[in-house]
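These notes concern the structure reproduced below.
The values are calculated or read from the model by the stated rules, or taken from the named source; none is laboratory data. Note that the structure is predicted; figures quoted are calculated from it, not measured. When we count neighbours, we look across all protein chains shown, and the Cβ atoms used for this are built from the backbone with ideal geometry, even at glycine.
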Amino acid sequence: MKKYLAEMVGTMVLVLMGCGVAVSLGCNPIDNIPAVVGTAFAFGLAVVAMAYTIGGISGCHINPAITLGLFCAGKISAKDCGMYMVFQVIGAFIGSALLFCLVGNVDGLEGTGANDLQQGVSVVGGLLAEAVFTCVFVLVVLGATSKTNGATNNFAGLAIGLALVLVHLVCIRYTGTSVNPARSIAPAVFQGGTALSNLWIFIVGPFVGAICAAGIWKLISCPKCEAAE
């Protein structure tokens, strides 16, 4: 149970800090580029912080897409996969609830940092962006945490966090960047509107990307080498 609770706490921090920065800075991918950069680093730094906080307890997935990718790659059990996802979503709701309360008491702030299709982006474009960038992100996770990387495993948290920064810098213009269903579900429920009606994009896209990443990893990795380690 401790590893499930760790995932809940980690996801809560990710949503509170990442989405909180997006709301506080007024992240707009067209009119406020400095806020885009700040938001990207907020999500990345939150992952780095949590990786070195709960990584030794749960592995610090704090993302159902990562959990699914690891399951498809044969690295975790079906039970852990399901329980991790449940507690990740619970943690996201706690983080969103805290942010919702904070925003509601400050004039000039609104929303909870929910994902939505950005100006001029189609449903297909949004799905494609989420699938492609989740695939890249989960592939980094699989590679950075692989036993075949030897001593570089000590820097896995940093590599994963920086990868998330990079993904956000590219993808915010299209979808606000989810690559994490839990991060999208909770804020959308609190924010409502089109963020809620388009929520399925930010569940389907990341899950498809995660499955693709697991498939790619199986093609390029060396199971015998990893087992030898």
- Checking SER77 against (1) closer than 19 Å to VAL9 by Cβ; (2) without any contact (Cβ under 8 Å) to a residue 12 or more places away in the chain, which single condition isn't satisfied? (1)
- Of residues in the stretch 22-49 being in contact (Cβ under 8 Å) with a residue 40 or more places away in the chain and β-branched (Val, Ile, Thr), the one nearest to MET85 (Cα to Cα): VAL47
- Looking at (1) within 19 Å of ILE185 (Cα to Cα); (2) at pLDDT below 95, which is the one condition that is false for PHE93? (2)
- Query: How many residues does the stretch 154-191 contain that are in contact (Cβ under 8 Å) with a residue 60 or more places away in the chain, more than 17 Å from HIS61 (Cβ to Cβ) and polar (S, T, N, Q)?
  - Reply: 3
- Query: Among the residues of the stretch 189-224 satisfying the criterion of being of a type in the set (A, V, I, L, M, F, W, C), in a loop (DSSP other than H, G, I, E, B) and at pLDDT 95 or above, which is nearest to THR112 (Cα to Cα)?
  - Reply: LEU199
- Based on what the data block shows, is ILE66 aliphatic (A, V, I, L, M) and closer than 17 Å to ILE203 by Cα? yes
- Return only the number of the condition from (1) at pLDDT below 95; (2) surrounded by 19 or more Cβ atoms within 10 Å (Cβ to Cβ); (3) touching a helix residue (DSSP H, G or I) at 6+ places or on another chain (Cβ under 7 Å); (4) not basic (Lys, Arg) that LEU158 does not satisfy. (2)
